[in-house]
Amino acid sequence: MEQIRSFIAIDLTDDLRSRLARLEASLQAGGRFRAKWVKPESIHLTLKFLGDVAADKITAIGDALTEAAQGIPPFNLEVGELGAFPNLSRTQVVWVGISGEMDKLELLRERIETNLELLGFAPEKRAFRPHLTVARLYSGASQEERREFGRHIAQTRFESAFLLVTAVRLMKSQLTPAGAVYTRRDSAELTG
């Protein structure tokens, strides 16, 4: 049976992707950090990573998303705070944070988790920390490089932007030597 590497996400607008591209350029100009930068056209807000999924489950997952989205009206998120995991002293992942109508985002995510659990997907054990990943430092980066990158992140400003969430997407992730290629497999509109 064909396996499809999949995840559930919220798409970004072209304007927000342009802002993220400028942010990445600004961060890259600040130093020679050994990092893998996420292509702005590939940045998205992940709600759940599914991993390899049997092709015959894709329709059921789409139906679960449609059901989860029912009764939730479109909502606004603010994209703005710049930070790093695990922290700025030990930078591994550079991200832009999400705020705004978090109650609606959390309700949508919880419904998705519940519906997918009925399909056999294990619920996420980690706390949900919504963010947009813009870069990952290579594992060989020294502790000093991680601290220096953290200082640079702390000094970099990102003008916040708003994102109107109107749908949730089921995405296919195909790994290639040039990086992951994402393709929309299904979409569920918010219908509140």
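Read the figures in this text as sums done on the coordinates, not as results from a lab. As the structure is a computational prediction, the values presented were derived from the model and not from experiment. FYI the Cβ positions are ideal-geometry reconstructions off the backbone, even for glycines, and counts take in every protein chain you see.
Side notes on the structure shown:
- Filter result for F121 (assigned to a loop (DSSP other than H, G, I, E, B) and in contact with a strand residue (DSSP E or B) (Cβ under 7 Å, 6 or more places away or on another chain)): yes
- Qualifying residue in segment 148-165 (condition: in contact (Cβ under 8 Å) with a residue 24 or more places away in the chain, more than 22 Å from R34 (Cβ to Cβ) and in contact with a Phe, Trp or Tyr (Cβ under 9 Å, 6 or more places away or on another chain)): yes
- Residue in segment 145-159 that is touching an Asp or Glu at 6+ places or on another chain (Cβ under 9 Å), among the acidic types (D, E) and surrounded by fewer than 18 Cβ atoms within 10 Å (Cβ to Cβ) present: no
- Test: residue in segment 155-163 that is out of contact with any helix residue (DSSP H, G or I) (no Cβ under 7 Å at 6 or more places or on another chain), of a type in the set (F, W, Y) and part of a helix (DSSP H, G or I): no
- Every condition in (1) touching a helix residue (DSSP H, G or I) at 6+ places or on another chain (Cβ under 9 Å); (2) part of a strand (DSSP E or B); (3) surrounded by 14 or more Cβ atoms within 10 Å (Cβ to Cβ) is met by V181 except one, and the failing one is (3).
- Considering residues of segment 164-178 that are over 14 Å from the mean Cα position of the chain (by Cα) and in a strand (DSSP E or B) only, the residue nearest to R109 (Cα to Cα): A167
- Restricting segment 76-92 to residues that are out of contact with any Leu (no Cβ under 7 Å at 6 or more places or on another chain), buried (at least 16 other Cβ atoms within 10 Å of the Cβ) and hydrophobic (A, V, I, L, M, F, W, C), the residue that is farthest from S142 (Cα to Cα) is L82.
- Residue match in segment 136-145 (condition: part of a helix (DSSP H, G or I) and either of a type in the set (G, A, S) or without any contact (Cβ under 8 Å) to a residue 60 or more places away in the chain (or both)): yes
- Any hit, segment 51-64, residues being crowded, with 17+ Cβ neighbours inside 10 Å and touching a Ser or Thr at 6+ places or on another chain (Cβ under 6 Å): yes
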